[in-house]
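To start, the structure itself, in structure tokens.
The values are calculated or read from the model by the stated rules, or taken from the named source; none is laboratory data. Model, not experiment: these values are computed from the prediction. FYI the Cβ positions are ideal-geometry reconstructions off the backbone, even for glycines, and counts take in every protein chain you see. Calculation scope for accessible area: heavy atoms of the full protein, side chains included, ligands and nucleic acids excluded. Shrake-Rupley method; radii C 1.70, N 1.55, O 1.52, S 1.80 Å.
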Amino acid sequence: GALPIALPARTRVLRSPEIAVPLTWGLRRPVILLPALADGWSAERLAVVLRHEREHIRRADWLVQLGLRLAAAIHWFNPFAGWALGRIQSDLELSCDDRVLRGGLDPDLYARHLVAIAREARARRDVPGPAMAAIRLCDLEDRVRAILGRRPDGRASLARAVLAACLLLGASTLLGAVNPWTCGQGSCPYAGKNTPTESN
């Protein structure tokens, strides 16, 4: 059907049961790949996701990611390379979040959809770890904090503060259930000790 927002020319939107979170790649003919669960998303959630992925396309983040991964592969022996890759990937996501919010999207609404999508990804027990690598779940709390902290008037009401606490609690609970990545320096402080098993 018709998409809820306009995308750059020649952009294709596809769906796959093999992924748990949205992915974007390509320059001349960019592709946005959505999980099969996107069929059940509301028009509002789909618009939020597409706005975020559209920013990745406009910024040519796929090319940046390609260069970063090539550099990390060349410097495989240097632990700093992996750490730097993770930090830059996190910064790319935060930057796209900021661009989406500049477009007028309500931060509370955006944070709700972000946490809900991450929760859906966690529930996809049939998707292997590599297929979920596009989302660093241990960065989720930082993203939610950044989103909810970006207020046009510089003030946060009590209701918004309560919402932030609830969302962060949900994010922390979600993060405590997974441990396929590390974040920052050392292991993720929000992750459990055990890697999810096949029954995950």
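A few remarks follow.
- Distance between region 65-109 and region 1-51 - C-alpha centres, whole angstrom: 19
- The stretch between ALA6 and GLU44 holds 12.3 nm of extra length on full extension. This uses 0.36 nm per residue minus the Cα-Cα distance.
- Of the beta bridges in region 1-50, as assigned by DSSP with both residues counted there, near 40 percent are antiparallel.
- Sequence-distant contacts, meaning Cα pairs under 8 Å at least 6 residues apart, place the relative contact order of region 1-48 at 39 percent.
- A 1.4 Å probe over all protein chains sorts GLU44, GLU120 by accessible area into GLU44, GLU120, starting with the largest.
- Accessible area (Å², 1.4 Å probe, nearest 10) - VAL49: 10
- The accessible-area ordering, largest first, of the residues ILE88, ILE117 stands as ILE88, ILE117, per a 1.4 angstrom probe.
- Our summary gives region 21-126 a relative contact order of 27 percent, counting only alpha carbon pairs under 8 angstrom and 6 or more residues apart.
- Sparse-neighbour loop sites [chymotrypsin sites (Phe, Trp or Tyr not before Pro); region 16-80; at most 16 other C-beta within 10 Å; DSSP]: TRP76, PHE77
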